[in-house]
1. Confirm whether THR74 is at pLDDT 90 or above, among the polar types (S, T, N, Q) and crowded, with 16+ Cβ neighbours inside 10 Å.
2. Restricting to the stretch 77-106, name every residue that is open to solvent by less than 40 Å² (accessible area, probe 1.4 Å) and either among the polar types (S, T, N, Q) or without any contact (Cβ under 8 Å) to a residue 12 or more places away in the chain (or both).
3. Open to solvent by 10 Å² or more (accessible area, probe 1.4 Å), touching a residue at least 60 places away in the same chain (Cβ under 8 Å) and over 13 Å from LEU22 (Cβ atoms): is that true of GLY109 in this structure?
4. Based on what the data block shows, is ARG244 of a type in the set (D, E, K, R), more than 23 Å from VAL169 (Cβ to Cβ) and touching a helix residue (DSSP H, G or I) at 6+ places or on another chain (Cβ under 6 Å)?
5. List every residue pair whose Cβ atoms lie under 6 Å apart, where the two residues are 6 or more positions apart in sequence or sit on different chains, the first residue falls within the stretch 139-151 and is within 17 Å of ASP201 (Cβ to Cβ), and the second residue, located anywhere, is surrounded by 14 or more Cβ atoms within 10 Å (Cβ to Cβ) and aliphatic (A, V, I, L, M).
6. For the stretch 224-241, what are the residues that are open to solvent by less than 50 Å² (accessible area, probe 1.4 Å), in contact with a helix residue (DSSP H, G or I) (Cβ under 7 Å, 6 or more places away or on another chain) and over 15 Å from ALA279 (Cα atoms)?
7. Can you tell me how many residues in the stretch 116-133 are in contact (Cβ under 8 Å) with a residue 24 or more places away in the chain and assigned to a loop (DSSP other than H, G, I, E, B)?
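The values are calculated or read from the model by the stated rules, or taken from the named source; none is laboratory data. Computed from a predicted model, the values in this text were never measured in an experiment. Glycine gets a Cβ as well: all are built from the backbone with ideal geometry, and neighbour counts include every protein chain shown. Side chains are part of the model used for accessible areas, which takes the heavy atoms of the whole protein and leaves out ligands, DNA and RNA. Shrake-Rupley method; radii C 1.70, N 1.55, O 1.52, S 1.80 Å.
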Amino acid sequence: MNGTSFEGAQDPAVPHPGRVVLLTTSHRVAPGLLSWPAWQALHTADRVLCADGAHPQLPYLREAGIAVDEAAPTAEELVDACAGGHTVVVVATGEGEPALTDGLARLAGSGRVRMPELELLPASYDLPGARLLDLVQVMDRIRAECPWSSRQTHKGLAKYGIEEAYELVEAIEDGDRDELREELGDVLLQVVFHARIAEEDIEEPFSIDDVAGGIVAKLIHRHPHVFGDAQAATPEEVKEHWLRTKAQEKQRASVTEGIPLHQPGLALAAKLASRARTAGLDVPLPATEGIGYELLALAARAEAEGTDPEAALRAAARAYRDAIRAYEAGEPTT
């Protein structure tokens, strides 16, 4: 222990053995932002203990007039400290005080000790998305300390972004939930990695917060039926809002602007056909012979029928792969 004594045996005649409150906090929430039940427990406690003198909550607790003793009592010492009906609040460290809680569990299980009331009181909770803060912190450290990651550039990572996107699509099409969760993480890593590299740019730096802020502003602007007064009752009306606001933002001279030309050919053909059809442009397909133009016509037809030609071809290719494996295994083919 550090500067605090827990002496004196518990009197079995005491009608109330006291109370232990284990106060937990999230490092993803700013120190000092605690729940009202937590503040009540802290202000009314007979003693407040914390094993970590550098705990980020301590300056805020002391500023609020709460005396905190830096101490790491054993389970037996803590039980003794509660004797006589006292309440002791333990401000948990990041590990959650497993040694203390295990010791209290052993004492309770022994049946030989009259145990105080035990309460786990979360003082702050993670908001949805809070673990993204962990990802940013981990990426910061990797970028600074990993010999490989510290040398990467946007161009060097570009191929991995493409690979991870394809692996995500494969997980979706396979219906594998575990694989889907993992691949989403890999795609997210690419975003955070690129944003971390962008922070180091001398002329035009930006951070993950700038990336998130930009997409938040875009989503709000393109969903006036959610964040504004516009009305949209069907998916088609939502798409109209999206395309209209997008056109206003981009001020493009052609509906083809913004279409990445390096994407797979079938997807590119379908995207061009979609843009033309959505804009009401009745542009005939080139009347040139050749396999490429035949594929173009098939892609345009698939898009008009609501079929993703890339996904359709992948499904057919997988069926062909299965047929090849069956043939190699000597199985009858249909």
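1. No; evaluated as a whole, the condition is false for this residue.
2. If we filter the stretch 77-106 for residues that are open to solvent by less than 40 Å² (accessible area, probe 1.4 Å), which is where we start, we get 78-79, 81-83, 85, 87-93, 96-97, 100, 103-104.
Selection gives THR87, THR93.
3. Against the criterion (open to solvent by 10 Å² or more (accessible area, probe 1.4 Å), touching a residue at least 60 places away in the same chain (Cβ under 8 Å) and over 13 Å from LEU22 (Cβ atoms)), GLY109 does not qualify.
4. Answer is no for this residue.
5. MET139/VAL192; SER149/ILE142
6. If the condition is that a residue be open to solvent by less than 50 Å² (accessible area, probe 1.4 Å), in contact with a helix residue (DSSP H, G or I) (Cβ under 7 Å, 6 or more places away or on another chain) and over 15 Å from ALA279 (Cα atoms), then PRO224, HIS225, ALA230, ALA232, VAL238 are the ones that fit.
7. Number of matching residues: 7.
Yes or no, residue by residue, for (1) closer than 30 Å to HIS223 by Cβ; (2) of a type in the set (S, T, N, Q); (3) open to solvent by 60 Å² or more (accessible area, probe 1.4 Å); (4) out of contact with any strand residue (DSSP E or B) (no Cβ under 6 Å at 6 or more places or on another chain):
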site: LEU243; (1), (2), (3), (4): yes, no, yes, yes
site: ARG252; (1), (2), (3), (4): yes, no, yes, yes
site: ALA270; (1), (2), (3), (4): yes, no, no, yes
site: ARG275; (1), (2), (3), (4): yes, no, no, yes
site: GLY292; (1), (2), (3), (4): no, no, no, yes
site: TYR327; (1), (2), (3), (4): no, no, yes, yes
